[in-house]
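Asker: I have a structure here, written as structure tokens, and I will follow up with some questions on it.
The values are calculated or read from the model by the stated rules, or taken from the named source; none is laboratory data. Keep in mind the model is a prediction, meaning the values are calculated, not measured. Cβ coordinates were reconstructed from backbone atoms using ideal geometry, including for glycine residues, and neighbour counts include every protein chain displayed. Areas reflect the complete protein model, heavy atoms only, side chains present, ligands, DNA and RNA absent. Shrake-Rupley method; radii C 1.70, N 1.55, O 1.52, S 1.80 Å.
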Amino acid sequence: MKKLLAGALAAALCSAAQAQDKFEVKVAEFVGAQHFMSKWLVAWGEKLEKASSGRLTFKHFPGATMAPVPGHYDLAASGRAEVSWFLHGATPGRFPLTELTHLPYVVGSAEIGTKVINDPQLRGKYLDAEHRGVKVLLLLTHQPGNIHTAKKPVRATEDMRGLRLRPASPTIGSFITALGGTPVGISPADQLDAMQKGTLDGTFIDYGGAGIAFKMAGTIKHTTEMYSYVSSFGVGMNPAFYSRLPADLKKLLDESVKGVEKEVGMGWDALDDIGKKLLVDGGAEPVRLSAAEDAKFRKVGEQVTEARLKELEGKGLPARQAFAQIKSLSEKHAKDSRNFWK
């Protein structure tokens, strides 16, 4: 009996001591501190610090200071960072089903995309299994992107022929090729300089990225407002670190990312108006496609999608089933979310 009491007391003391332990959370962010998502992660950490009475403390590493963009997923997987914000397209082929959201004309806003990609059934059946080695806290997309060119405007599918364009992802590279252009794979940081030197004709990027993140105002002269694609991201935590946390801190972390899809998506969508104004003030012309030309671009997008689904099915992946669920969720959330296609 005495041994049992002693054991229970020791366990209680250990639990109490653990409850008072402090845990530092290093957060790796691959863009600058002024970016919306970096700011969101800082605010998220501050809320958790307050809710945990300081037992969780956050230290942020913006601007890819901990690793180049392609290495951010592995920062969390290896434990070099407790949390990392990563770009799926930075490691092509690693997240094939998640990257189905990158296919042309799948979602019409970041709000829609973020709601879709965090759907519990979609994640549970298809997406979470691709994120081996990390505990996924949140998946998200940016707002749909457009074609931005430095000289020649794109008003029709024929205008794409021969253009050297930076794709936002390999999937969009296939879209460029199918339209008769040439995808040029360079880093995001180099695209502005390449356009200024004339070695790149333009880029697929969202207004926020073009105007705010990469400061392309003055260089971009035409923006074809297709809103044709999104890129996806994840926020992941090192699972070993999570397992060391006491139950109450685990609960705080889990609750902190529930129901934030609308907030995060709307934050990204709001960047569109700001980025567009910066480009227009710098002399850019917004170009709207005619209904006939929009239909032509979408038809090519369908061909690219079908080719990608067949490719993944050939590898034994349930791509068509996952894509059908993604499209169904997109249509569902388009009814009560901002939609750039309207």
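Asker: Using heavy-atom solvent-accessible surface (probe 1.4 Å) with all chains present, what is the largest-first order of ARG298, ARG55?
Answerer: From most exposed to least exposed: ARG298, ARG55.
Asker: What does the charge count near ASP193 come to, summing +1 for each Lys or Arg and -1 for each Asp or Glu among other residues with Cβ under 12 Å from its Cβ?
Answerer: Around ASP193, the charge tally is +2.
Asker: Within the range 17-161, how many lysine pairs that are 8 or more places apart, or on different chains, have C-alpha atoms less than 17 Å apart?
Answerer: 15
Asker: What aspartates and glutamates sit close enough to LYS250 to cross-link, taking a C-alpha to C-alpha distance under 19 Å and skipping anything fewer than 8 places away on the same chain?
Answerer: Output for LYS250: ASP21, GLU24, GLU46, GLU49, GLU82, ASP128.
Asker: Follow-up question, since we're still on this one. Might you report the magnitude of the Cβ-based charge dipole of the chain about its Cα centre, with Lys and Arg at +1 and Asp and Glu at -1, to the nearest 20 debye?
Answerer: Using only the charged Cβ atoms, the result is roughly 560 debye.
Asker: Hey, another quick one. When only the heavy atoms of the protein chains count and the probe is 1.4 Å, how do THR171, THR57 rank by accessible area, highest first?
Answerer: THR57, THR171
Asker: From Cα pairs below 8 angstrom and at least 6 apart in sequence, can you work out the relative contact order of the range 125-264, rounded to a whole percent?
Answerer: In percent, rounded to a whole number, it is 39.
Asker: Name the shape class, rounded, prolate or oblate, that the alpha-carbon gyration tensor gives for the range 184-229, where a ≥ b ≥ c are the square roots of its eigenvalues, rounded holds for a/c under 1.5, and otherwise prolate holds if a/b is larger than b/c and oblate otherwise.
Answerer: Rounded, because the longest to shortest axis ratio a/c is under 1.5.
Asker: Okay, next question. Mean separation of Cα pairs under 8 Å and 6+ residues apart, divided by the residue count of the range 43-120: what relative contact order is that in percent?
Answerer: 15
Asker: Tilt of helix 291-314 relative to the longest C-alpha principal axis of the chain, in degrees (0 to 90, nearest 10)?
Answerer: Value to nearest ten degrees: 50.
Asker: Based on the alpha-carbon gyration tensor of the range 215-286 and its eigenvalue square roots a ≥ b ≥ c, which shape applies: rounded if a/c is under 1.5, prolate if not and a/b is larger than b/c, or oblate?
Answerer: Judged from the Cα gyration tensor, the range 215-286 comes out prolate (a/c at least 1.5, a/b above b/c).
Asker: When the accessible area of the chain is computed with all protein chains present and a 1.4 Å probe, what percentage of it is carbon and sulfur?
Answerer: 57
Asker: Quick one: net charge of GLY145's neighbours, Cβ under 13 Å, K/R +1, D/E -1?
Answerer: Taking every Cβ under 13 Å from that of GLY145, the sum is -2.
Asker: Whose amide H sits under 5 Å from the amide H of TYR229, counting only residues 5 or more places off or on another chain, with H placed in the peptide plane?
Answerer: Residues meeting the criterion, in which the H sits 1.01 Å from N, are TYR105, GLY145.
Asker: Applying 1/(1 + (r/R0)^6) with R0 = 30 Å to the Cβ-Cβ distance of LYS299 and ASP193, what FRET efficiency is obtained, to the nearest 0.05?
Answerer: Given R0 = 30 Å and the Cβ-Cβ separation, E is 0.30.
Asker: Another question, then. Explain nothing, just the number: dipole magnitude of the range 39-189 about its Cα centre with +1 on each Lys and Arg Cβ and -1 on each Asp and Glu Cβ, in debye rounded to the nearest 20.
Answerer: 240
Asker: Where the only charges are on Cβ atoms (+1 Lys, Arg; -1 Asp, Glu), what is the dipole of the range 148-234 about its Cα centre, to the nearest 20 debye?
Answerer: My answer is approximately 220 debye.
Asker: Counting Lys +1, Arg +1, Asp -1, Glu -1, what net charge surrounds PRO183 among other residues with beta carbon under 12 Å of its beta carbon?
Answerer: +1
Asker: Here is a further query. Go through GLU29, GLU311 and list them by solvent-accessible area, largest first, probe radius 1.4 Å.
Answerer: Sorted descending by solvent-accessible area, the residues read GLU311, GLU29.
Asker: Quote to one decimal, in nm, the extra length available between GLN34 and ALA156 on full extension: 0.36 nm per residue of separation minus the C-alpha distance between them.
Answerer: 40.4 nm
Asker: Tell me the relative contact order for the chain as a rounded percent, counting alpha carbon contacts under 8 Å between residues six or more apart.
Answerer: Computed over the chain, the figure is 24 percent.
Asker: Right, something else. What does the accessible area per residue of the chain come to in Å², with a 1.4 Å probe and no ligands, DNA or RNA counted?
Answerer: Using a 1.4 Å probe on heavy atoms only, each residue of the chain averages 44 Å².
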